[in-house]
Every structure is written in C-alpha cells, then in structure tokens.
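Step one of this worksheet: look at the structure below.
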Amino acid sequence: MSLLSYLINGISLGSVYAIIALGYTMVYGIARMLNFAHGDVIMVGGYVALTVVLSYSTNPLVAVLVAIVVCTVLGIVIERVAYRPLRGAASPLAVLITAIGVSYLLQNVVLLIFGPNPKSFQSVVPFPDLKFAGGTLNISAETIVTIASCIVIMIVLTTFINKTKAGQAMLAVSEDKGAAQLMGINVNGTIALTFAIGSGLAAIAGVLLCSSYPSLSPYTGSMPGIKAFVAAVFGGIGSIPGAMIGGIVLGVIEIMSKAYISSQLADAIVFAVLIVVLLVKPTGLLGKKIQEKV
Amino acid sequence: MAMLEIKDLEVYYGVIQAIKGISFEVNEGEIISLIGANGAGKTTILHTVTGLLSPKKGSIIFEGKDITKTPAHKIVSLGMAHVPEGRRVFAEMSVYQNLKMGAYTRSDKGEIEQMLEKVYKRFPRLEERKNQLAGTLSGGEQQMLAMGRALMSNPRIILMDEPSMGLSPILVNEIFDIIQSVSEAGTTVLLVEQNAKKALAIADRAYVLETGRIVMSGDAKDLMNDDSIKKAYLGE
C-alpha cells in the first residue's frame, strides 16, 4: 500500500510542477524567452491567498480567485514593463538577465512587506482526508484536489487553444510571428495574454503547493519554479502535453527517490534525470526541433 | 489616383541601405511585377509596404490613406493581403485552421464560410486535404495554401512574393494561371518574381530593380522586347 500512496503523492506533487511548467512552456513557445521570475509569481499567489484568508474572508474560494486575479495582472505588468521593451534586443541574453532581476525583485518586495520568517499557510481545501482499504491507504484531500485541478486545467487549456480564435492566434504566433501579423494578429497582445494565463495558473499552483506543504516564505517559489522549468525542458519546452507529462514524471521521481533512496539526494536525482534525458533526446520527450535562442 | 502609391522609399537594415529611394504605383485592377535579381530589394519593399519593416524615409499611400506607420497587424483589415516569400504557412496547424487564420480579422461567420467555399473552389486540392497538417503538404500545395489563406481576408490588393520559387515547371504554370484568375476576379496584384519571363507575361506594367533602385519601368510587353532586359533577365 505504501507504494501506491507514494505514487499518488508523486502524481500530486507532479501536478503542481505541471501547472507551473505550463506557464514556462507557453511563454517560451510564444515569446521564445525563459521567464525565470515565473516561480516567484507562485510565491506571490501564496501570499495573496494567505492575506485574504487571514484578513478579509475565510472563504477559500474567494482567496484563490483573488490570488488568480492579482497574479494575472502581475504577469501582464511584468511582461509590459520588463520584457516587452527588450523584445528585438540584439542579444536574447538581455531579457534572460532581466527575468532573473524580476525574480529577485519579487522576492525582495515580499521580504520587505511580510518579513523573512516563514508563515504557516492554511489549506484552502476544506475537506477531510480520504481513507481507503480499511484505513491502510490514506490520501489527503489536498492531493485529490491538486490532481483534479491539474486534469481540469489541461482540458480547459487544450480546448481553449484548439477551439477559440485567441488560442489559434497563440499557435500561429508561436510558429511564425511575421506571418501571424500578416493575418492581422496583434503579436504583443497575444504575448500579453500568454503571460496572463501562465501567471493565473501560477497562482493556482501556489495555492495548491502551499496547501500541501504549508510553509510560505519569500523563497518558496524558487525551487518549485526551477523544478517546473526542468519538467518543461524534460517534456520538450514549447509543448503543452510535454509540460504535463514532464511535471508528473518529475513529481513521481522526486517522491519515489525520497521514499526509497534518500531524501537528501532526491533533488540531485531529479536533475540527474534531466541531464540523462537531454543527452539522449536534446529536445525533450515531446519537443520539436526548434532553433535555439536561449 | 493610384490605389497604392510608394514615394521615395528608403529602407535600412542597420547601417546598410537596402532600398535607395524608390517610387512606384499600382492602379486598381492591374497586375504589377517587380523583377530583379537576388538582393535587389524586392522582398524588402513588400515587407515595408505591409509594415513588417519600417522605412527611414518616404511614404506609402493605400487608397488615399497614409499607411507608412501602420503596424503590420492592422494592414490586412484595410484590404491588403501579403503572401510572403517561402509561403510561411503554419506547419503545425491543419489546412483548414490555416485558412481560418487568413480570416482572423473577419467576424461574420457566414461571410467566412462563403470565402472558404470560394477558396476551396479555386483550390480543390486544399479541400481534399483540409484536415492535413500544412507542414505535410508539397511545395506547390503550400503555395496554394498561402494564396488561399491570403484570399480568405477578401483583399482588394494582394502582394505576392516569389510564388513560383522552388516549384516544378508545371506547377509554375499552374500558379501563374491562378494569379491571372485572381486578377480577373477583381483583385489587384503586386507580384515580386525572379522568374522575369513569366512575371512579365502576365503583368500590365513592371518595374526592374537593381540593388535597391528602380532602373527601368514601363509596359510589360515593351520590357519583354527590350534588348537589355532580354539579356539580363530573360536569358536570350
């Protein structure tokens, strides 16, 4: 039974990585940039939800919605202020370095407002744990909600991209910005929409992550952010199903390593797997051959 | 008044001047060919007209409206479509999705269906392959898709960049027949071609470009019989 429960926990953690990885991979696919501040948007989402729960409303749904709205706006502002002016810059490194700068900026602003001590997060899932097989298999409600959210997000996102005009425009921009413009697609607007969606998803990931691992500090977002980036590369950066698969595989590897090998080594194993995958298949599991641009 | 009027256009790539003061005009209903060798600046001119590049000097007037500074994504809704060099279809999208993208600025569903029917009628092969990914089409089919996609916006003028590039002689003839029939259906055509013979054969007027300048212009029939053109571009 413990194997099954580790597997379920792994899928749950992996679902969080997958939701974060979607933001990385969509932004990369469309703007061809790595948004290293993405992990910190998760952390901001956590703090916003916590603040709402503690000071205004105890309804967890309200907290999640406010976190989504704040992070969506934050994503649009970051893109507009920090990244858009650098689009078309001589070196793609300019925007990469800026993203790292934005990451530190977010961490330090939160540090200034909330202080360095970790806050204990109240789970937004108001259900008791589920017991199966006569009490030998115990699954937390957070785990179930996380996995369910991941599935719902995947379905909604795929439908959005394949069935709506804005979604099709995103596909077109990710393939050829010039040709997309000739179709009448506003490329800047489409990139902003991508950041908005990615950041909104980051807020959901933040709340889910903090509900399962209820400690929140200004640095909470960095490690999951990096791991989700690994998941995105692992699955093939730019590919949405790739991000999903990469995230879940990564979560399972991490939990299994913790359970059966060593908790200290778990992160090292995760990154080692990435190196092996990239050696064997440099474009990731579902990656397409695309020109590399950092 | 000309439908499209380009005045004293100068375009730079960094410090390199690609277009060195070019003026020409396209009247409604005409087929105009810009011919010239590789690097003469033909593609640069089309990219500047549709806003993918911005000129340093000069102006572009379309139907009396100055579009010199109009961003690329606002051009198509003015009635101007651009079939870019190398087709540039969306390879990961189906033929049908590509065509729908061509009508991106249109919102009337009935009208889009009508355009789609027209395009399928003109290019029956696209209808046969509507669910196929565009990247899996042959070169000739991709060119048809690129043209069909441009026609989906129901343009009054269509800019075509090297439509015959890389195609077999039979397909080249087919593509030029299509250009002619698009013109006969009432769309003005501005054509950029390296295949000078074909381009002059279907054009009303033509401009000859050399390293960013217009060196000759006039009636297409006259240019075809000009000795220097014959020598330099027609291989006679």
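Quick notes
- A:ILE19 being more than 18 Å from the chain's Cα centre (by Cα), under 30 Å from A:TYR260 (Cα atoms) and hydrophobic (A, V, I, L, M, F, W, C): no
- Enumeration of residues in the range B:176-214 that are surrounded by fewer than 16 Cβ atoms within 10 Å (Cβ to Cβ) and of a type in the set (S, T, N, Q): B:GLN180, B:SER181, B:THR211
- Sole residue being within 14 Å of chain A (Cβ to nearest Cβ), surrounded by 23 or more Cβ atoms within 10 Å (Cβ to Cβ) and closer than 23 Å to A:GLY167 by Cβ, chosen from B:MET101, B:MET93: B:MET101
- Taken over the range B:38-48, the criterion of being in contact (Cβ under 8 Å) with a residue 40 or more places away in the chain and within 11 Å of chain A (Cβ to nearest Cβ) is satisfied by B:LEU46 alone.
- Screening B:SER107 against (1) within 14 Å of chain A (Cβ to nearest Cβ); (2) without any contact (Cβ under 8 Å) to a residue 24 or more places away in the chain; (3) surrounded by 17 or more Cβ atoms within 10 Å (Cβ to Cβ); (4) of a type in the set (Ser, Thr, Tyr) leaves a single unmet condition, (3).
- The number of residues in the range A:163-180 being touching a Leu at 6+ places or on another chain (Cβ under 9 Å), closer than 15 Å to A:MET26 by Cβ and facing chain B (nearest Cβ under 9 Å) comes to 1.
- Candidates in the range A:207-229 are the residues that are crowded, with 24+ Cβ neighbours inside 10 Å and β-branched (Val, Ile, Thr); of these, the one that is farthest from the other protein chains (Cβ to nearest Cβ) is A:THR220.
- Hey, A:GLY242 away from chain B (no Cβ under 14 Å) and at pLDDT below 95 or not: no
- Some residue of the range B:123-131 being surrounded by fewer than 17 Cβ atoms within 10 Å (Cβ to Cβ), in a loop (DSSP other than H, G, I, E, B) and at the interface with another protein chain (Cβ under 9 Å from one of its Cβ atoms): no
- Residues located in the range B:23-38, provided they are modelled with pLDDT under 95 and assigned to a strand (DSSP E or B): B:ILE35, B:GLY36
- Residue among A:ILE191, A:ILE204, A:ILE185 that is buried (at least 22 other Cβ atoms within 10 Å of the Cβ) and at the interface with chain B (Cβ under 7 Å from one of its Cβ atoms): A:ILE185
- The range B:68-84, subset closer than 13 Å to B:ALA150 by Cβ and not in a helix (DSSP H, G or I), residue farthest from the other protein chains (Cβ to nearest Cβ): B:GLY79
The values are calculated or read from the model by the stated rules, or taken from the named source; none is laboratory data. Please read all numbers here as calculations on a predicted model, not as lab measurements. Ideal geometry is used to build each Cβ from the backbone, glycine not excepted, and the neighbour counts take in all protein chains shown.
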